[in-house]
1. Suppose we filter 214, 192 for residues that are in contact with a strand residue (DSSP E or B) (Cβ under 7 Å, 6 or more places away or on another chain), closer than 17 Å to residue 259 by Cβ, surrounded by 18 or more Cβ atoms within 10 Å (Cβ to Cβ) and not assigned by TED's automatic domain parsing to the domain that holds residue 53; which single one remains?
2. Of all residues in the range 153-170, which are more than 17 Å from the chain's Cα centre (by Cα) and not in a loop (DSSP other than H, G, I, E, B)?
3. Which of the following residues is within 21 Å of the chain's Cα centre (by Cα) and closer than 23 Å to residue 21 by Cβ: 86, 37, 59?
4. Looking only at the range 130-152, count how many residues are at pLDDT 95 or above, within 16 Å of residue 234 (Cα to Cα) and either in contact with a helix residue (DSSP H, G or I) (Cβ under 8 Å, 6 or more places away or on another chain) or not in a helix (DSSP H, G or I) (or both).
5. When only residues in the range 312-330 that are free of Cβ contacts under 8 Å to residues at least 60 places away in the same chain and over 18 Å from the mean Cα position of the chain (by Cα) count, which is surrounded by the fewest Cβ atoms within 10 Å (Cβ to Cβ)?
6. Which of the residues belonging to the range 197-207 are touching a strand residue (DSSP E or B) at 6+ places or on another chain (Cβ under 7 Å) and either assigned to a strand (DSSP E or B) or closer than 22 Å to residue 256 by Cβ (or both)?
7. Regarding residue 299, is this residue touching a strand residue (DSSP E or B) at 6+ places or on another chain (Cβ under 7 Å), touching a residue at least 12 places away in the same chain (Cβ under 8 Å) and in the same structural domain as residue 178 (by TED's automatic domain parsing)?
8. Restricting attention to the range 82-108, which residues are in contact with a helix residue (DSSP H, G or I) (Cβ under 6 Å, 6 or more places away or on another chain), farther than 18 Å from residue 325 by Cβ and part of a loop (DSSP other than H, G, I, E, B)?
């Protein structure tokens, strides 16, 4: 079978290759085997290729924090899965044609789910959901501000916030993106810059903003905090700038603001397996019915992983880059 191997850290497309490896074999007791139908290339995957991610596995290594698969066989003791089920995998190393994993790490998702959208269920939808629920006790009518609002997480935040009667200020790098975000339910869209706080106050009528979601870091964190009310919280969950987040001491001390971090794994670790399955069941149904979705720019075969990884690093894409390791999707 085919599997993507990362053989050296550095330039991502130069470090990966599609290799022939032994088949995974039949499932043992408590295990499941599934064909990987599609996997996305996420910023964290690119960071891992560069060797700058928080995890740095020994090489050669297989990447991929998420995928969608179809179960082909289950071992003894696996009662919640059956052959033919669409599934997501909570473990890594999914850039391959097949996986054999512990059955407890696999979650069935609704039949009829769009494969490409289901491939993106594992990380971004629960990240958006928990950013809105775990950081600040938000109430209907509250305002949230986020940068990188045109990202997959940002678009999901807009939709999930609207469903909870929360209002969003959406910070992007160019005005041409406003037309994409407004139909999703964005209340205010602004372009990032040194006058961000003044622009936001004008757009919201000076309404207090309690939560800022930061995926850029660096000075962008300070610009976001300048938009928040006294006691507001900036939650950092990414670093598109490659820098550490920066906030003025005056906002922390005089205004009582807080800077906190978020990573999905830690947020899920505080929940029971039953709670985690409930989260994914709810989000999976919203994806199946089209309430939640993310744009896709192109799907590559696994043999073209170098081109796919290079494409995933291009700016101003119209959507996510995915790979279909077992051939064209039907």
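The values are calculated or read from the model by the stated rules, or taken from the named source; none is laboratory data. Only a predicted model underlies this, so the values are computations on that prediction, with no experimental measurement involved. Methodologically, a virtual Cβ is constructed for each residue, glycine included, from the backbone with ideal geometry; neighbour enumeration extends over all protein chains shown.
1. On the way: 192 fails: closer than 17 Å to residue 259 by Cβ.
It is 214.
2. Just the residues of the range 153-170 that are more than 17 Å from the chain's Cα centre (by Cα), to begin with: 162-170.
Of everything in the range 153-170, those that are more than 17 Å from the chain's Cα centre (by Cα) and not in a loop (DSSP other than H, G, I, E, B) turn out to be 162, 163, 167, 168, 169, 170.
3. Of the residues listed, the single one that is within 21 Å of the chain's Cα centre (by Cα) and closer than 23 Å to residue 21 by Cβ is 37.
4. Restricting attention to the range 130-152, the residues satisfying the condition of being at pLDDT 95 or above are 130-147, 149.
So of that shortlist, the ones also within 16 Å of residue 234 (Cα to Cα) come out as 130-138, 142-147, 149.
Narrowing further to those that are either in contact with a helix residue (DSSP H, G or I) (Cβ under 8 Å, 6 or more places away or on another chain) or not in a helix (DSSP H, G or I) (or both): 130-132, 134-138, 142-147, 149.
Summing the residues that are at pLDDT 95 or above, within 16 Å of residue 234 (Cα to Cα) and either in contact with a helix residue (DSSP H, G or I) (Cβ under 8 Å, 6 or more places away or on another chain) or not in a helix (DSSP H, G or I) (or both) in the range 130-152 gives 15.
5. 330
6. Kept after step one, since they are touching a strand residue (DSSP E or B) at 6+ places or on another chain (Cβ under 7 Å), are these residues of the range 197-207: 199-200, 203-204, 207.
Result: 200, 204, 207.
7. Working: touching a strand residue (DSSP E or B) at 6+ places or on another chain (Cβ under 7 Å): yes; touching a residue at least 12 places away in the same chain (Cβ under 8 Å): yes; in the same structural domain as residue 178 (by TED's automatic domain parsing): no.
The answer is no for residue 299.
8. Within the range 82-108, 90 is the sole residue that qualifies.
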